[in-house]
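> Pasting in a structure now, in structure tokens, and then I'll have a few things to ask.
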């Protein structure tokens, strides 16, 4: 079975503290995940910061892309 890895660099006009603060909150997943993916959190949570091993269930489009950027997307 082949393993593929996609690496991307993006420069942001913000400090690492600001960016990390955005990423840490489960409420901000909708800001981070593209709208066309239709992601919605379905698991209840009452914590304002994500932590290692935290499981967040959600619904939305899921896709797998190959090296040619040809993607299979399903709901």
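> Can you tell me which residue is modelled with the highest pLDDT among those in region 1-33 that are in a loop (DSSP other than H, G, I, E, B) and either surrounded by 10 or more Cβ atoms within 10 Å (Cβ to Cβ) or touching a strand residue (DSSP E or B) at 6+ places or on another chain (Cβ under 9 Å) (or both)? Spell out the reasoning first.
Step one: filter region 1-33 for residues in a loop (DSSP other than H, G, I, E, B), giving 1-15, 25, 33.
Checking the rest, the ones that are also either surrounded by 10 or more Cβ atoms within 10 Å (Cβ to Cβ) or touching a strand residue (DSSP E or B) at 6+ places or on another chain (Cβ under 9 Å) (or both) come to 4, 6, 14, 25, 33.
On the way: 4: 81, 6: 80, 14: 93, 25: 84, 33: 79.
Taking the candidates together, the pick is 14.
> In region 34-75, what count of residues is obtained for those that are at pLDDT below 75, over 15 Å from the mean Cα position of the chain (by Cα) and not in a strand (DSSP E or B)?
Summing the residues that are at pLDDT below 75, over 15 Å from the mean Cα position of the chain (by Cα) and not in a strand (DSSP E or B) in region 34-75 gives 9.
The values are calculated or read from the model by the stated rules, or taken from the named source; none is laboratory data. Owing to the predicted nature of the structure, the values given are computational and were not obtained by experimental measurement. So basically every Cβ, Gly included, is an ideal-geometry build from the backbone, and we count neighbours across all protein chains shown.
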